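Below is one structure, written out as structure tokens, with a few remarks after it.
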Amino acid sequence: MALYSEKVMDHFLNPRNVGVLEDANAVGEVGNTKCGDIMKMYLKIENDIIVDVKFETFGCASAIASSSMATELIKGKPVSEAMELTNKAVAEALDGLPQHKIHCSVLAEEAIKKALDDYYNKGENNE
Ligand code: FES
């Protein structure tokens, strides 16, 4: 039995939205102290819509696939929807992750939430 679904492999080998978003107005970085993996999300929000998103992930294949899928799930969506994105939804969109890799999708959820916190803390929600 394959360890990873085809979707995980696809998003790991061809991650979407990788890199730094120069004109991001919200950034969130999280890490997992156990595995040492780090994920950074850049969002560009206009009128409460996530018009652009990029990520940098220094981590395992599942973390890269999760961040790639998460960016696809929130791109073009309202902030309120991104706020509700769960790691479970990310893992499901990837056709599942092995049990010991679930925490990698949690990192994606946390990175997006942290970026949204950053956005609200800056008070730029009326931009
Ligand atoms: Fe830590 Fe995947 S092993 S994020």
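The values are calculated or read from the model by the stated rules, or taken from the named source; none is laboratory data. Because the structure is predicted, anything quoted here is derived from the model rather than measured. No Cβ is skipped: glycine too gets one built from the backbone with ideal geometry, and neighbour counts run over all protein chains shown.
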- Residues of segment 69-122 being free of Cβ contacts under 8 Å to residues at least 12 places away in the same chain and either in a helix (DSSP H, G or I) or within 16 Å of the ligand (Cβ to nearest atom) (or both), which ones? Glu81, Glu92, Gln99, His100, Tyr120, Asn121
- Note on the structure: Those residues of segment 11-64 which are of a type in the set (Phe, Trp, Tyr) and either touching a Lys or Arg at 6+ places or on another chain (Cβ under 9 Å) or assigned to a loop (DSSP other than H, G, I, E, B) (or both) amount to Tyr42, Phe55, Phe58
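Residues checked against (1) at pLDDT below 95; (2) closer than 20 Å to Gly19 by Cα; (3) crowded, with 24+ Cβ neighbours inside 10 Å; (4) not aromatic (Phe, Trp, Tyr):
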site: Ile38; (1), (2), (3), (4): no, yes, no, yes
site: Lys54; (1), (2), (3), (4): no, yes, no, yes
site: Ala65; (1), (2), (3), (4): no, yes, yes, yes
site: Thr71; (1), (2), (3), (4): no, yes, yes, yes
site: Gly76; (1), (2), (3), (4): no, yes, no, yes
site: Ala111; (1), (2), (3), (4): no, yes, yes, yes
site: Lys114; (1), (2), (3), (4): no, yes, no, yes
site: Gly123; (1), (2), (3), (4): yes, no, no, yes
- Item | Filter result (under 14 Å from the mean Cα position of the chain (by Cα) and surrounded by fewer than 15 Cβ atoms within 10 Å (Cβ to Cβ)) within segment 8-36 | Val18, Gly19, Val20
- Gly36 being without any contact (Cβ under 8 Å) to a residue 40 or more places away in the chain, within 19 Å of Asp118 (Cβ to Cβ) and not hydroxyl-bearing (Ser, Thr, Tyr): no
